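The values are calculated or read from the model by the stated rules, or taken from the named source; none is laboratory data. Computed from a predicted model, the values in this text were never measured in an experiment. In this analysis, Cβ positions are derived from the backbone assuming ideal geometry, glycine residues included, and neighbour counts consider all displayed protein chains.
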Amino acid sequence: MKLYRNAIILVVVLGLLVGAYFFINYKKSGTTDPAAQTTETDKSIRVMEMDSQKISSIQYSSPEGQFTIKRQGDTWVMDPAYELALDKNTVDNTVSSLADVVANKVIAEKSDRLSDFGLDKPSVVKVVLSDGSSKELEVGNKSPTGEDVYVKLKGQQKIYTVGGYYEDMIKVGRGHFASKQILPIEATAVKKFGYKKDGNLQYSIDIESESDMKILAPLKEEADTTKISQLVQTVVQLEIKDIIEEKPANLAKYGLDKPAYEITYGNKNTTKIVLLGDKAAADANSSTSSGNILYAKFPDANIVFTVDVSKLTFLDVGLKDIISPFVYIPNINEVNKVELSIDGKTTVSELKTVEGKKEEDKFKVDGKDANMKDSNDRSLFKAFYQAMIGVTFNKYQAGLKPQGTPEITIKYYMKPDNKVVTVDFIPKDTNYYYAVKDGVYTNRLVLKNKFNEAEGVRDTLKKLKEAVDKVK
């Protein structure tokens, strides 16, 4: 009974306390002046506050040097003039941040020992507005935790701490604002590509389209479009990692007096050349292997920087690796007729195709309908055509002089005027054919067994003819 009575008392006391809590809060909310309430933003400690659109220039003075970035119309330029383009995002972020500098706390209202904060010899950034007025922010050392940095306004005594990122924004050299992009274009826009190794030209490529790429030097050849596309995709990703030195007195210490590599690429309007030198010194703060970081520069700019070449696979790709493996590979939509002479017989194929309208494709073989498909719903004729144009070389060997009679000949009658392109396969020995196009040796040797492979020329021709002959 006593226990029951004590429980009732506790419930009553708890109810009184809860009621008192809500009453007090009600009274506070009813008597507080709304004008006296402050938001978190209102409590912020602002060191500098200005309209970012009215900032006309920012002057830097630090151990990294003295320079100014100036607004010039819709862009920003550097004074003294800089040889590299400025990065718009870096400039915009800097302008926005300096227009509204918020402190974490006030450390001291005044101090006679500025050296304790690194403010006796500070780095200084002067922000100038379009009306000529300005403010100067002095930046000292980092706080003991390393998370903040000490700052003060020039001419004032109050010392603040601000986020450490302000140091990274103010204690900078000219290279901080350099655009890291070497040539900002898409891979599909690249029209020229090539490189030298130890001063020797490895190859120079002309790119007309994704399916038309030619080697111009050191020999003239059709390029392997798949490989070149892959290589171009890597080169457009090349970018500046770090700015190392402006106006270097000794290029030899970077290996740039005699560059190991010279990369050239560009679109129709712009060509960029990048010289690559020695491996850069290891950076303890970098996650990238130092073996992949090389010193670099542009021939027309006196600035040394570094680049990460880990993705530049073409540095180890030789000329023969980028030569088209095919003897001749015409698009099916560009051909009216094909004559294949093999094993003493000639097969004549007629093609009627329209680009982008595969459903309208019509084929005939020796005058008979050849539009049938296999059990996998694949066109038997297209498999046969693919086998003919898919013949690849096994050896690339220049300087040979083919002699003899072709064992296999393929004649392509091209649109629109039936111009004939003739591909002959002339026996070299028991294993290889010389591949000859329009009477000219292509420097390609093709294994004879290539024509006997599954899905090869003989196999697909046999399947096609059997299907055609079954149709009455």
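Check 195, 166 and return the single one that is within 26 Å of residue 243 (Cβ to Cβ) and assigned to a helix (DSSP H, G or I). Unique residue meeting the criteria: 166. Among the candidates 261, 265, which residue alone is touching a residue at least 24 places away in the same chain (Cβ under 8 Å), closer than 30 Å to residue 208 by Cβ, in contact with a Ser or Thr (Cβ under 8 Å, 6 or more places away or on another chain) and not β-branched (Val, Ile, Thr)? Selected residue: 265, the only one of 261, 265 that is touching a residue at least 24 places away in the same chain (Cβ under 8 Å), closer than 30 Å to residue 208 by Cβ, in contact with a Ser or Thr (Cβ under 8 Å, 6 or more places away or on another chain) and not β-branched (Val, Ile, Thr). As a summary of the residue check, residue 436 satisfies the conditions (1) in contact with an Asp or Glu (Cβ under 7 Å, 6 or more places away or on another chain); (2) without any contact (Cβ under 8 Å) to a residue 12 or more places away in the chain except for the one numbered (2). Against the test of being in contact with a helix residue (DSSP H, G or I) (Cβ under 7 Å, 6 or more places away or on another chain), surrounded by 14 or more Cβ atoms within 10 Å (Cβ to Cβ) and at pLDDT below 95, the options 213, 169 yield a single qualifying residue, 169.
If you go through the range 101-130 and keep only what is of a type in the set (D, E, K, R) and modelled with pLDDT of 95 or more, you end up with just 126.
Let's see how each residue does on (1) more than 30 Å from residue 111 (Cα to Cα); (2) assigned to a loop (DSSP other than H, G, I, E, B):
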| site | (1), (2) |
| --- | --- |
| 125 | no, no |
| 151 | no, no |
| 175 | yes, no |
| 184 | yes, yes |
| 188 | yes, no |
| 206 | yes, no |
| 214 | yes, no |
| 226 | yes, no |
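Selection of first residues in the range 168-188 that are free of Cβ contacts under 8 Å to residues at least 60 places away in the same chain and of second residues that are in a loop (DSSP other than H, G, I, E, B) and not hydroxyl-bearing (Ser, Thr, Tyr), restricted to Cβ pairs under 7 Å at least 6 apart or on distinct chains, gives the following pairs, ordered by first then second residue: 186/236; 187/236. Each residue in the range 283-300 was checked for being assigned to a loop (DSSP other than H, G, I, E, B), surrounded by 12 or more Cβ atoms within 10 Å (Cβ to Cβ) and either within 18 Å of the chain's Cα centre (by Cα) or at pLDDT below 90 (or both), and 3 pass. Selection of the range 420-467 for residues being of a type in the set (S, T, N, Q) and at positive phi yields only 443.
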